[in-house]
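K.L.:
Shown below is the structure under consideration.
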Amino acid sequence: MTSKPTIPIRCACCQANGLHRGRGLINACYVRHTRNGTLNRFPRQPSATWMPVTPKGRQTLTDYAALVAERATPTRIRWVLSLSERQLQRYANAYRTLTAAQAEDRSAA
Ligand SMILES: [Zn+2]
């Protein structure tokens, strides 16, 4: 079994400094909340969505958005942009995240 390296944190529960076990908790609190069935008070943090950072990647995301607006099929988008299946999923996630954030901005305004 592989495990992530533990990093020092301030516990989300008791504010003590210690090594991260999961959900922002140190091991003692993680174990205690697991035993007491109260781990759901500390929901998992969603991992950050991949975003293109290079100019070419950002252009590909712009092209992806244009193809989605044209209602192109995923197969066509992959072919036009020369993407692998995994790359297509990443651009789809990035696009969804950006459009959801824009929709939130509009509703907040
Ligand atoms: Zn704690």
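K.L.:
Per residue, how much accessible area does the range 55-108 have with a 1.4 Å probe, in Å²?
P.N.:
Numbers: 3950 Å² over 54 residues.
Accessible area per residue, the range 55-108: 73 Å².
K.L.:
Also, I was wondering about something else. Which length gain, in nm to one decimal place, applies between V53 and I7 when the Cα-Cα distance is subtracted from 0.36 nm times their residue separation? Kindly include the intermediate steps, with their values, before the conclusion.
P.N.:
On the way: separation 46, 0.36 × 46 = 16.56 nm, distance 2.63 nm.
Computed gain between V53 and I7 is 13.9 nm.
K.L.:
Another question about this same structure. Counting Lys and Arg as +1 and Asp and Glu as -1, what is the net charge of the other residues whose Cβ lies under 13 Å from the Cβ of L88? Could the numbers behind the result be given before it?
P.N.:
Working: positive: R76, R78, R86, R90, R96; negative: D63, E85.
Result for the neighbourhood of L88: +3.
K.L.:
In deg cm²/dmol, rounded to 500, what helix-only [θ] at 222 nm does the chain give when every DSSP H run of at least 4 residues adds -39500 (n - 2.57) and the total is split over its residues? Let's see the in-between values first.
P.N.:
Values: 4 runs with 57 residues, N = 109.
Helices in the chain give a 222 nm mean residue ellipticity of -17000 deg cm²/dmol.
K.L.:
What whole-number distance in Å separates the alpha-carbon centres of the range 67-86 and the range 1-50?
P.N.:
Centre-to-centre distance over Cα atoms comes out at 39 Å.
K.L.:
Bin width 10 Å, alpha-carbon pairs only: give the P(r) of the range 55-108 as whole percents, running from 0 to the bin holding the largest distance.
P.N.:
Histogram of Cα-Cα distances, whole percents per bin: 24, 55, 18, 4.
K.L.:
Can you compute the charge dipole magnitude of the chain about its Cα centre, using +1 on each Lys and Arg Cβ and -1 on each Asp and Glu Cβ, nothing else charged? Give it in debye, rounded to the nearest 20.
P.N.:
460
K.L.:
Another one. What does the charge count around T97 come to, taking other residues whose C-beta lies under 12 Å from its C-beta (Lys +1, Arg +1, Asp -1, Glu -1)? Intermediate values should be presented prior to the final figure.
P.N.:
Working: positive: R90, R96; negative: E104.
Its environment carries a net charge of +1.
K.L.:
Roughly how many percent of the accessible protein surface of the chain is carbon and sulfur, given a 1.4 Å probe and a whole-percent answer? Mind dumping the intermediate values first?
P.N.:
On the way: 4530 of 8390 Å².
Result for the chain: 54 percent of the exposed heavy-atom area is carbon or sulfur.
K.L.:
Could you run the Debye sum over the Cα atoms of the chain, one equal point scatterer each and no solvent, and tell me log10 of I(q)/I(0) at q = 0.13, 0.15, 0.17, 0.21 Å⁻¹, two decimals?
P.N.:
With one equal scatterer per Cα and no solvent, log10 I(q)/I(0) is -0.73, -0.80, -0.85, -1.00.
K.L.:
Please give the FRET efficiency for V80 paired with A100, using the beta carbon to beta carbon distance and R0 = 22 Å, rounded to the nearest 0.05. Please list the in-between numbers first.
P.N.:
Values: r = 24 Å, r/R0 = 1.09.
E(calc), rounded to 0.05, equals 0.35.
The values are calculated or read from the model by the stated rules, or taken from the named source; none is laboratory data. Here the structure is a predicted model, which means the values were calculated and not measured. In this analysis, Cβ positions are derived from the backbone assuming ideal geometry, glycine residues included, and neighbour counts consider all displayed protein chains. SASA here: full protein model, heavy atoms, side chains in, ligands and nucleic acids out. Shrake-Rupley method; radii C 1.70, N 1.55, O 1.52, S 1.80 Å.
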